[in-house]
Amino acid sequence: MQFLEKMNNARWFWYSMICVLCWGAWALLSKLGSGEIPPDTMQFLFTVGTVPVGIALLLARRGKLEKSPRGIAYGVLNGILSGIGGLALFAAYHTNGNTTLITAAAALYPMITVALAVTILRERFRFVQALGLLFAAIAIVIFSL
């Protein structure tokens, strides 16, 4: 019961759930759109779709921009990598491959994040987390059968 209470009060958990819902719908719309138009057009339109969100965020901050050059560089690099990754995902969907398999395989990106967090950020990695990653990899193999 204490676990459920902690989760209910953890803002990160609810933000994560909003992310899951949005990205789940995003993956479905990506597959549907990629069947109709080429991957480069999907990536362009995806980018256009983020503009209203960016404008709303800028307005909410009353036009105040960030001043950290390092933070700005990370943000721009994040956008570049996200754009390339999105383009690759749209291309995978455009092949008319199995949506379930493509989405699940692409969702393995946390394995890279974990490896980088452990090596670069020196974050701790527990046995149970390693077990979770192992099960995720096994799930991809099972999905592909």
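The values are calculated or read from the model by the stated rules, or taken from the named source; none is laboratory data. Bear in mind the structure is a predicted one, so any value in this text is a computation, not a measurement. Don't worry about glycine lacking a Cβ; one is built from the backbone with ideal geometry, like all the others, and counts go over all protein chains shown.
Observations, loosely collected:
- Scanning the stretch 57-80 for residues that are under 21 Å from the mean Cα position of the chain (by Cα) and either closer than 17 Å to Thr95 by Cβ or small (Gly, Ala, Ser) (or both) yields Gly71, Ala73, Gly75, Gly79.
- Test: residue in the stretch 13-34 that is over 26 Å from Ile102 (Cα atoms), of a type in the set (Phe, Trp, Tyr) and loosely packed, with under 12 Cβ neighbours inside 10 Å: no
- Applying a threshold of 8 Å to beta carbon distances and a minimum spacing of six or more residues, or different chains, the list of pairs starting in the stretch 99-110 at a residue that is in contact (Cβ under 8 Å) with a residue 40 or more places away in the chain and ending at one that is of a type in the set (Val, Ile, Thr) and part of a helix (DSSP H, G or I) reads Leu101/Ile140.
- Checking Thr41, Thr99, Thr47, Thr119 one by one, the residue that is at negative phi, of a type in the set (Val, Ile, Thr), exposed (fewer than 12 other Cβ atoms within 10 Å of the Cβ) and modelled with pLDDT of 85 or more is Thr119 and no other.
- Yes/no for Ala137 being of a type outside the set (Asp, Glu) and in contact with a helix residue (DSSP H, G or I) (Cβ under 8 Å, 6 or more places away or on another chain): yes
- In the stretch 57-78, the residues that are surrounded by 10 or more Cβ atoms within 10 Å (Cβ to Cβ) and small (Gly, Ala, Ser): Gly71, Ala73, Gly75
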